[in-house]
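A.B. asks: Just passing along the structure, written as C-alpha coordinates.
The values are calculated or read from the model by the stated rules, or taken from the named source; none is laboratory data. These figures come from a predicted structure and were not determined experimentally. Virtual Cβ from ideal backbone geometry, glycine too; neighbours counted across all protein chains shown. The protein model used for the area step is the full one, side chains on, heavy atoms only, and it has no ligands, DNA or RNA in it. Shrake-Rupley method; radii C 1.70, N 1.55, O 1.52, S 1.80 Å.
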Amino acid sequence: MSIMFKQKLTAAEIKQKAKALGADLVGIADGDTLNRNPPDPEDPRRPSDITEHDSGRVIVLALRLQAGTSRILAWNDRNKYYNDELSITFLEEVALELVYWLEDAGYPAIIVPPTHVDPWRYQGDPSKHQKPLLSLPHAAVEAGLGTLGLNLQLLTPEYGPRVILSAVLCSVDVECDQPRTEALCLGPQCGRCLKACPGDVIKHWDRDWEACDRHRSPHGFAQLSEYLGRVIDEPDAKQKKALLRSEDSFNLWQSILRGAGVITGCRRCADVCPVGSDYEAMLKDALDVIPENTPAKEARLAAMLAAESCSATSSPAPAYQRQVRWIGRKSR
(Lines give C-alpha, C1' and ligand atoms only; values in the text may rest on other atoms or scores of the structure.)
Protein backbone atom coordinates (compact mmCIF):
# COMPACT_ATOMS: atom_id res chain seq x y z
CA MET A 1 0.00 0.00 0.00
CA SER A 2 1.41 3.40 -0.93
CA ILE A 3 1.75 5.81 1.99
CA MET A 4 0.75 9.37 1.14
CA PHE A 5 0.91 10.86 4.63
CA LYS A 6 2.14 10.20 8.15
CA GLN A 7 -0.53 9.18 10.61
CA LYS A 8 -0.28 10.98 13.92
CA LEU A 9 0.91 8.55 16.60
CA THR A 10 1.49 8.89 20.33
CA ALA A 11 3.86 7.01 22.62
CA ALA A 12 0.87 5.45 24.37
CA GLU A 13 -0.50 4.12 21.08
CA ILE A 14 2.84 2.57 20.15
CA LYS A 15 3.15 0.88 23.53
CA GLN A 16 -0.43 -0.33 23.40
CA LYS A 17 0.16 -1.87 19.97
CA ALA A 18 3.41 -3.54 21.01
CA LYS A 19 1.75 -5.08 24.06
CA ALA A 20 -1.23 -6.20 21.98
CA LEU A 21 1.26 -8.00 19.72
CA GLY A 22 2.74 -9.81 22.73
CA ALA A 23 5.43 -7.68 24.39
CA ASP A 24 5.27 -7.62 28.19
CA LEU A 25 7.15 -4.33 28.65
CA VAL A 26 7.69 -1.42 26.27
CA GLY A 27 9.73 1.75 26.68
CA ILE A 28 10.85 4.48 24.31
CA ALA A 29 14.32 6.02 24.43
CA ASP A 30 15.69 9.03 22.60
CA GLY A 31 18.11 7.97 19.87
CA ASP A 32 20.19 11.12 20.20
CA THR A 33 20.67 10.45 23.92
CA LEU A 34 21.96 6.96 23.14
CA ASN A 35 24.23 8.37 20.43
CA ARG A 36 25.75 10.83 22.91
CA ASN A 37 26.14 8.28 25.72
CA PRO A 38 27.49 4.97 24.41
CA PRO A 39 28.27 2.44 27.17
CA ASP A 40 31.82 2.04 25.86
CA PRO A 41 33.10 5.29 24.30
CA GLU A 42 36.15 3.43 22.94
CA ASP A 43 33.88 1.08 21.00
CA PRO A 44 30.58 2.94 20.59
CA ARG A 45 27.58 0.97 19.37
CA ARG A 46 24.99 3.64 18.59
CA PRO A 47 21.58 3.72 16.92
CA SER A 48 23.04 6.04 14.27
CA ASP A 49 25.60 3.33 13.40
CA ILE A 50 22.72 1.07 12.38
CA THR A 51 20.71 3.63 10.43
CA GLU A 52 21.52 7.30 9.95
CA HIS A 53 17.97 8.15 8.89
CA ASP A 54 15.55 6.39 11.23
CA SER A 55 17.10 6.21 14.70
CA GLY A 56 15.34 9.13 16.35
CA ARG A 57 13.48 6.80 18.71
CA VAL A 58 14.52 3.43 20.14
CA ILE A 59 11.41 1.43 21.04
CA VAL A 60 12.60 -1.28 23.45
CA LEU A 61 10.51 -4.44 23.76
CA ALA A 62 10.81 -6.94 26.60
CA LEU A 63 9.33 -10.44 26.79
CA ARG A 64 9.37 -12.34 30.06
CA LEU A 65 11.03 -15.73 30.29
CA GLN A 66 8.88 -18.67 31.36
CA ALA A 67 8.91 -19.18 35.11
CA GLY A 68 8.78 -22.95 34.62
CA THR A 69 12.19 -23.01 32.97
CA SER A 70 13.70 -20.70 35.61
CA ARG A 71 12.71 -23.30 38.22
CA ILE A 72 15.00 -25.89 36.56
CA LEU A 73 18.25 -25.69 38.56
CA ALA A 74 20.71 -27.10 36.02
CA TRP A 75 22.24 -24.25 34.05
CA ASN A 76 22.87 -26.46 31.01
CA ASP A 77 19.42 -28.02 30.68
CA ARG A 78 18.49 -28.21 26.99
CA ASN A 79 14.79 -27.68 27.79
CA LYS A 80 15.76 -24.20 29.01
CA TYR A 81 17.79 -23.52 25.86
CA TYR A 82 14.92 -24.60 23.62
CA ASN A 83 12.20 -22.69 25.47
CA ASP A 84 14.32 -19.53 25.44
CA GLU A 85 14.92 -19.93 21.70
CA LEU A 86 11.15 -20.10 21.16
CA SER A 87 10.74 -16.92 23.22
CA ILE A 88 13.35 -15.14 21.12
CA THR A 89 11.58 -16.24 17.93
CA PHE A 90 8.28 -14.93 19.25
CA LEU A 91 9.81 -11.60 20.27
CA GLU A 92 11.36 -11.23 16.82
CA GLU A 93 7.91 -11.72 15.32
CA VAL A 94 6.47 -9.08 17.66
CA ALA A 95 9.17 -6.63 16.57
CA LEU A 96 8.56 -7.38 12.88
CA GLU A 97 4.81 -6.87 13.23
CA LEU A 98 5.45 -3.57 15.01
CA VAL A 99 7.76 -2.45 12.18
CA TYR A 100 5.06 -3.13 9.58
CA TRP A 101 2.45 -1.33 11.70
CA LEU A 102 4.70 1.73 12.01
CA GLU A 103 5.45 1.71 8.30
CA ASP A 104 1.76 1.42 7.46
CA ALA A 105 1.40 4.64 9.47
CA GLY A 106 4.14 6.26 7.39
CA TYR A 107 7.24 5.78 9.58
CA PRO A 108 10.17 3.68 8.25
CA ALA A 109 11.50 1.37 10.97
CA ILE A 110 14.15 -1.29 11.51
CA ILE A 111 14.59 -4.11 14.04
CA VAL A 112 17.55 -4.44 16.39
CA PRO A 113 17.47 -8.21 17.06
CA PRO A 114 18.29 -9.73 20.46
CA THR A 115 21.34 -11.74 19.40
CA HIS A 116 22.84 -10.45 16.15
CA VAL A 117 26.47 -9.30 16.11
CA ASP A 118 28.32 -7.38 13.43
CA PRO A 119 30.40 -9.85 11.33
CA TRP A 120 32.53 -6.98 10.00
CA ARG A 121 33.98 -6.53 13.50
CA TYR A 122 35.01 -10.17 13.84
CA GLN A 123 38.82 -10.40 14.00
CA GLY A 124 39.35 -14.14 13.55
CA ASP A 125 39.40 -15.10 17.25
CA PRO A 126 36.33 -17.22 18.14
CA SER A 127 37.03 -16.94 21.88
CA LYS A 128 36.83 -13.14 21.88
CA HIS A 129 33.54 -11.68 23.12
CA GLN A 130 31.41 -10.32 20.29
CA LYS A 131 29.22 -7.36 21.22
CA PRO A 132 25.79 -6.84 19.65
CA LEU A 133 25.02 -3.98 17.27
CA LEU A 134 23.44 -2.04 20.14
CA SER A 135 23.51 -2.78 23.86
CA LEU A 136 19.85 -3.50 24.48
CA PRO A 137 20.18 -3.56 28.30
CA HIS A 138 21.57 -0.01 28.22
CA ALA A 139 18.89 1.06 25.74
CA ALA A 140 16.24 -0.44 28.02
CA VAL A 141 17.53 1.64 30.93
CA GLU A 142 17.31 4.79 28.81
CA ALA A 143 13.76 3.72 27.91
CA GLY A 144 12.77 3.58 31.59
CA LEU A 145 12.38 -0.20 31.86
CA GLY A 146 14.85 -0.76 34.70
CA THR A 147 18.48 -0.49 35.80
CA LEU A 148 21.61 -2.61 35.45
CA GLY A 149 22.70 -5.09 38.10
CA LEU A 150 26.00 -6.23 39.60
CA ASN A 151 26.82 -8.23 36.45
CA LEU A 152 25.41 -5.53 34.12
CA GLN A 153 22.24 -7.42 33.18
CA LEU A 154 19.00 -5.47 32.99
CA LEU A 155 16.75 -5.65 36.06
CA THR A 156 13.07 -4.73 35.73
CA PRO A 157 10.64 -4.12 38.61
CA GLU A 158 8.20 -6.63 37.11
CA TYR A 159 10.39 -9.57 36.12
CA GLY A 160 13.86 -8.75 37.42
CA PRO A 161 16.40 -9.84 34.80
CA ARG A 162 14.15 -12.61 33.45
CA VAL A 163 13.38 -10.88 30.16
CA ILE A 164 14.53 -11.05 26.55
CA LEU A 165 15.01 -7.75 24.74
CA SER A 166 14.61 -6.47 21.23
CA ALA A 167 14.23 -2.96 19.83
CA VAL A 168 12.77 -1.09 16.90
CA LEU A 169 14.43 2.05 15.54
CA CYS A 170 12.06 4.62 14.11
CA SER A 171 12.10 8.41 13.78
CA VAL A 172 8.53 8.84 14.94
CA ASP A 173 8.27 12.04 16.96
CA VAL A 174 6.74 10.82 20.20
CA GLU A 175 7.48 11.44 23.88
CA CYS A 176 10.36 9.44 25.37
CA ASP A 177 10.35 7.68 28.73
CA GLN A 178 12.57 8.84 31.56
CA PRO A 179 15.24 6.53 33.04
CA ARG A 180 14.98 5.41 36.64
CA THR A 181 17.47 7.15 38.92
CA GLU A 182 17.48 4.69 41.84
CA ALA A 183 19.26 1.35 41.50
CA LEU A 184 17.15 -1.80 41.66
CA CYS A 185 20.19 -3.95 42.45
CA LEU A 186 21.63 -4.19 45.97
CA GLY A 187 25.01 -5.20 44.54
CA PRO A 188 27.31 -7.28 46.78
CA GLN A 189 24.91 -6.77 49.68
CA CYS A 190 22.83 -9.41 47.88
CA GLY A 191 25.25 -11.12 45.47
CA ARG A 192 22.96 -14.02 44.62
CA CYS A 193 23.97 -13.79 40.96
CA LEU A 194 27.64 -14.22 41.88
CA LYS A 195 26.87 -17.09 44.24
CA ALA A 196 24.95 -19.00 41.56
CA CYS A 197 27.27 -18.40 38.61
CA PRO A 198 28.70 -21.76 37.42
CA GLY A 199 31.62 -20.05 35.66
CA ASP A 200 32.35 -17.63 38.52
CA VAL A 201 32.50 -14.78 35.99
CA ILE A 202 30.81 -11.96 37.93
CA LYS A 203 32.99 -9.09 39.03
CA HIS A 204 32.37 -5.89 40.99
CA TRP A 205 29.78 -4.19 38.73
CA ASP A 206 31.28 -5.99 35.74
CA ARG A 207 31.60 -9.40 34.12
CA ASP A 208 34.29 -11.57 32.51
CA TRP A 209 32.47 -11.67 29.19
CA GLU A 210 34.73 -14.23 27.48
CA ALA A 211 34.32 -16.66 30.38
CA CYS A 212 30.58 -15.98 30.51
CA ASP A 213 30.24 -16.74 26.78
CA ARG A 214 31.41 -20.31 27.43
CA HIS A 215 28.24 -20.82 29.46
CA ARG A 216 25.67 -18.51 27.90
CA SER A 217 26.55 -19.87 24.43
CA PRO A 218 27.75 -23.40 25.29
CA HIS A 219 27.46 -24.72 21.73
CA GLY A 220 28.35 -21.47 19.98
CA PHE A 221 30.93 -20.54 17.37
CA ALA A 222 33.91 -20.78 19.74
CA GLN A 223 33.01 -24.34 20.71
CA LEU A 224 32.23 -25.28 17.11
CA SER A 225 35.59 -24.03 15.83
CA GLU A 226 37.47 -25.75 18.66
CA TYR A 227 35.64 -29.00 18.06
CA LEU A 228 36.23 -28.98 14.31
CA GLY A 229 39.89 -28.26 15.01
CA ARG A 230 40.11 -31.38 17.20
CA VAL A 231 38.48 -33.48 14.50
CA ILE A 232 40.80 -32.15 11.79
CA ASP A 233 43.90 -32.61 13.94
CA GLU A 234 43.03 -36.18 15.06
CA PRO A 235 45.51 -38.47 13.22
CA ASP A 236 43.70 -41.76 13.92
CA ALA A 237 40.91 -42.41 11.41
CA LYS A 238 38.91 -44.55 13.84
CA GLN A 239 39.08 -41.92 16.58
CA LYS A 240 38.23 -39.19 14.06
CA LYS A 241 35.04 -41.08 13.16
CA ALA A 242 34.25 -41.54 16.85
CA LEU A 243 34.53 -37.78 17.38
CA LEU A 244 32.12 -37.14 14.52
CA ARG A 245 29.61 -39.53 16.14
CA SER A 246 30.09 -38.14 19.66
CA GLU A 247 27.67 -36.30 21.92
CA ASP A 248 29.59 -33.10 21.15
CA SER A 249 28.72 -33.51 17.46
CA PHE A 250 25.10 -34.18 18.31
CA ASN A 251 24.81 -31.11 20.56
CA LEU A 252 26.43 -28.85 17.98
CA TRP A 253 24.24 -30.24 15.19
CA GLN A 254 21.06 -29.79 17.21
CA SER A 255 22.07 -26.29 18.26
CA ILE A 256 22.80 -25.27 14.67
CA LEU A 257 19.31 -26.42 13.67
CA ARG A 258 17.46 -24.21 16.16
CA GLY A 259 19.96 -21.93 17.87
CA ALA A 260 19.26 -23.55 21.26
CA GLY A 261 22.59 -23.49 23.08
CA VAL A 262 23.99 -20.92 20.66
CA ILE A 263 21.82 -17.84 21.07
CA THR A 264 20.52 -19.24 24.36
CA GLY A 265 22.37 -20.81 27.26
CA CYS A 266 23.10 -20.33 30.94
CA ARG A 267 20.98 -17.79 32.82
CA ARG A 268 21.39 -18.92 36.42
CA CYS A 269 22.19 -15.35 37.47
CA ALA A 270 18.84 -14.22 36.11
CA ASP A 271 16.92 -17.14 37.58
CA VAL A 272 18.04 -16.56 41.19
CA CYS A 273 17.82 -12.75 41.22
CA PRO A 274 15.24 -11.66 43.85
CA VAL A 275 14.40 -8.42 42.00
CA GLY A 276 11.03 -8.53 40.27
CA SER A 277 7.49 -8.99 41.52
CA ASP A 278 7.46 -12.47 39.96
CA TYR A 279 10.19 -13.87 42.22
CA GLU A 280 8.31 -14.31 45.49
CA ALA A 281 5.18 -15.72 43.87
CA MET A 282 6.67 -17.94 41.16
CA LEU A 283 10.30 -18.76 41.90
CA LYS A 284 11.47 -18.40 45.48
CA ASP A 285 10.33 -21.83 46.69
CA ALA A 286 12.45 -23.53 44.01
CA LEU A 287 15.43 -21.17 43.87
CA ASP A 288 15.99 -19.79 47.38
CA VAL A 289 18.88 -22.18 48.12
CA ILE A 290 21.93 -21.76 45.88
CA PRO A 291 23.96 -24.99 45.73
CA GLU A 292 26.75 -23.36 43.68
CA ASN A 293 27.71 -21.02 46.52
CA THR A 294 31.15 -21.49 48.08
CA PRO A 295 33.19 -19.88 50.89
CA ALA A 296 35.44 -18.34 48.22
CA LYS A 297 32.47 -16.62 46.62
CA GLU A 298 31.26 -15.38 50.00
CA ALA A 299 34.73 -13.95 50.64
CA ARG A 300 34.74 -12.12 47.31
CA LEU A 301 31.35 -10.59 48.07
CA ALA A 302 32.53 -9.52 51.52
CA ALA A 303 35.55 -7.82 49.94
CA MET A 304 33.30 -6.00 47.46
CA LEU A 305 31.00 -4.88 50.26
CA ALA A 306 33.93 -3.63 52.31
CA ALA A 307 35.23 -1.69 49.31
CA GLU A 308 31.83 -0.05 48.87
CA SER A 309 31.72 0.87 52.54
CA CYS A 310 35.07 2.62 52.12
CA SER A 311 33.81 4.45 49.01
CA ALA A 312 31.85 6.79 51.25
CA THR A 313 35.18 8.51 51.87
CA SER A 314 36.94 7.60 48.61
CA SER A 315 36.12 7.01 44.95
CA PRO A 316 33.63 4.22 44.11
CA ALA A 317 34.73 1.17 42.12
CA PRO A 318 35.88 2.19 38.62
CA ALA A 319 33.42 -0.21 36.96
CA TYR A 320 30.57 1.36 38.93
CA GLN A 321 31.70 4.84 37.96
CA ARG A 322 31.71 3.88 34.28
CA GLN A 323 28.20 2.46 34.47
CA VAL A 324 26.54 4.62 37.12
CA ARG A 325 24.29 6.27 34.53
CA TRP A 326 22.65 2.88 33.95
CA ILE A 327 23.08 1.25 37.38
CA GLY A 328 21.48 4.15 39.20
CA ARG A 329 22.12 5.58 42.64
CA LYS A 330 22.55 2.98 45.36
CA SER A 331 20.90 3.52 48.72
CA ARG A 332 23.32 3.09 51.61
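A.B. asks: Once fully extended, how much extra length lies between Asp173 and Phe5, figured as 0.36 nm per residue of separation less the alpha-carbon to alpha-carbon distance? Walk me through the numbers on the way to the answer.
C.D. replies: Details: separation 168, 0.36 × 168 = 60.48 nm, distance 1.44 nm.
Gain on stretching Asp173 to Phe5: 59.0 nm.
A.B. asks: Counting helices only, and only those DSSP H runs with n ≥ 4, report the 222 nm mean residue ellipticity of the chain as the sum of -39,500 (n - 2.57) divided by its residues, in deg cm²/dmol to the nearest 500.
C.D. replies: On the way: 15 runs with 140 residues, N = 332.
Roughly -12000 deg cm²/dmol at 222 nm, from the helical runs in the chain.
A.B. asks: Continuing with the same structure: Rank Gln189, Leu65, Leu91 by how far each Cα sits towards the positive end of the charge dipole of the chain (+1 on Lys, Arg Cβ; -1 on Asp, Glu Cβ) and give me just the farthest.
C.D. replies: Most positive-ward Cα: Gln189.
A.B. asks: Using only Cα positions of segment 114-262, each an equal point scatterer, no hydration layer, compute I(q)/I(0) via Debye at q = 0.09, 0.20 Å⁻¹ and quote the log10 values to two decimals.
C.D. replies: -0.41, -1.31
A.B. asks: Just going by the charge dipole of the chain, with Lys and Arg at +1 and Asp and Glu at -1 on Cβ, which of Cys269, Asn251, Pro38 is farthest out on the positive end?
C.D. replies: The listed residue farthest towards the positive side: Cys269.
A.B. asks: A further question follows. Residues with amide H under 5 Å of Asp24's amide H, sequence separation 5 or more or different chain, H placed in the peptide plane at 1.01 Å from N; which?
C.D. replies: Excluding prolines and chain starts, which carry no amide H, the hits are Ala62, Leu63, Arg64.
A.B. asks: Work out the length of the dipole vector of the chain about its Cα centre, built from +1 on the beta-carbon of each Lys and Arg and -1 on the beta-carbon of each Asp and Glu, and round it to the nearest 20 debye.
C.D. replies: Details: 40 positive and 45 negative charges, 130 e Å.
The calculated dipole for the chain is roughly 620 debye.
A.B. asks: Can you figure out the FRET efficiency of Asp236 with Ala286, using R₀ = 41 Å and their beta-carbon distance, to the nearest 0.05? Don't skip to the answer; put the middle values down first.
C.D. replies: Values: r = 46 Å, r/R0 = 1.12.
My answer for the efficiency is 0.35.
A.B. asks: Quick one, what does Rg over Rh come out to for the chain if you take C-alpha atoms and the Kirkwood Rh?
C.D. replies: Computed over Cα atoms, the ratio is 0.99.
A.B. asks: Report the net charge of residues surrounding Gly27, where surrounding means a beta-carbon distance below 13 angstrom and charges are Lys +1, Arg +1, Asp -1, Glu -1. Let's see the in-between values first.
C.D. replies: Working: positive: Lys15, Lys19, Arg57, Arg180; negative: Asp24, Asp30, Glu142, Glu158, Glu175, Asp177.
Charge balance near Gly27 sits at -2.
A.B. asks: Run the reach check for Lys297 against lysines, Cα to Cα strictly under 30 Å, same-chain hits fewer than 8 apart removed. What comes back?
C.D. replies: Straight-distance partners of Lys297: Lys80, Lys128, Lys131, Lys195, Lys203, Lys284, Lys330.
A.B. asks: Same structure again: Run the simple label-point estimate for Lys131 and Trp209 please: 7 Å along Cα→C-beta, distance reported in nm.
C.D. replies: So the label points at Lys131 and Trp209 sit 0.6 nm apart.
A.B. asks: Taking a spot 7 Å from the Cα of Val324 along the direction of its beta carbon, which residues of segment 142-168 have an amide N less than 16 Å from it?
C.D. replies: Residues 148 qualify, since their backbone N sits under 16 Å from the label point.
A.B. asks: Report Rg(Cα)/(2.2 N^0.38 Å) for segment 27-169, keeping two decimals.
C.D. replies: Values: Rg = 15.7 Å, N = 143, 2.2 N^0.38 = 14.5 Å.
Against the empirical 2.2 N^0.38 Å value, I get 1.08 for segment 27-169.
A.B. asks: For segment 184-332, what D do you get in µm² per second when you plug the Kirkwood radius from alpha-carbon pairs into Stokes-Einstein at 20 °C and 1.002 mPa s?
C.D. replies: Here the translational diffusion coefficient equals 118 µm²/s.
A.B. asks: Another question, if that's okay. Can you give the local net charge around Gln321? Use residues other than it whose beta-carbon is closer than 13 angstrom to its beta-carbon, Lys and Arg +1, Asp and Glu -1. Walk me through the numbers on the way to the answer.
C.D. replies: On the way: positive: Arg322, Arg325, Arg329, Lys330; negative: Asp206, Glu308.
Here the count lands on +2.
A.B. asks: What is the local net charge at Val99, summed over the other residues whose Cβ is closer than 14 Å to its Cβ (Lys, Arg +1; Asp, Glu -1)?
C.D. replies: On the way: positive: Lys17, Arg57; negative: Asp54, Glu92, Glu93, Glu97, Glu103, Asp104.
In short, -4.
A.B. asks: Hey, another quick one. For segment 13-107, take every pair of Cα atoms, bin their distances at 5 Å starting from 0, and report each bin as a whole percent.
C.D. replies: Spelled out per bin, shortest first, that is 2, 12, 17, 17, 17, 15, 12, 7, 2, 0.
A.B. asks: What area, in nm² and to one decimal, does the C-alpha convex hull of segment 256-310 cast on average over all directions?
C.D. replies: Details: hull surface 24.9 nm².
Mean projected area of the Cα convex hull: 6.2 nm².
A.B. asks: Could you pull out every one of the aspartates and glutamates with an alpha carbon less than 14 Å from that of Lys17, ignoring same-chain neighbours closer than 8 positions?
C.D. replies: Filter leaves Glu93, Glu97, Glu103, Asp104.
A.B. asks: Amide H neighbours of Leu148 under 5 Å, counting only residues 5+ apart in sequence or on other chains, H built in-plane at 1.01 Å?
C.D. replies: Leu155, Ile327
A.B. asks: For segment 178-248, take the convex hull of the Cα atoms, compute a quarter of its surface area, and give me that in nm², please.
C.D. replies: Values: hull surface 29.5 nm².
Dividing the Cα hull surface by four gives the mean projection, 7.4 nm².
A.B. asks: Same structure, new question: To the nearest Å, what is the center-to-center distance of segment 225-292 and segment 144-210, using C-alpha atoms only?
C.D. replies: 22 Å
A.B. asks: Considering the options Leu305, Ala74, Ser135, tell which one lies farthest towards the positive end of the dipole of the chain, charges being +1 on Lys and Arg and -1 on Asp and Glu at the Cβ, about the Cα centre.
C.D. replies: Farthest along the dipole direction, towards plus: Leu305.
A.B. asks: What percentage of the solvent-accessible surface of segment 140-237, computed with a 1.4 Å probe over protein heavy atoms, is contributed by carbon and sulfur atoms?
C.D. replies: Details: 1920 of 3760 Å².
Here it works out to 51 percent.
A.B. asks: Let me ask something additional. Determine Rg/Rh for segment 1-55; Rg is computed over alpha-carbon atoms and Rh is the Kirkwood hydrodynamic estimate from the same atoms. Numbers along the way, then the final one.
C.D. replies: Values: Rg = 14.8 Å, Rh = 13.8 Å.
Across segment 1-55, the Cα-based Rg/Rh ratio is 1.08.
A.B. asks: If the only charges are +1 at each Lys and Arg Cβ and -1 at each Asp and Glu Cβ, what is the size of the charge dipole of segment 38-127 around the Cα centre, to the nearest 20 debye? Write out the running numbers ahead of the final one.
C.D. replies: On the way: 8 positive and 16 negative charges, 96 e Å.
Roughly 460 debye, rounded to the nearest 20.
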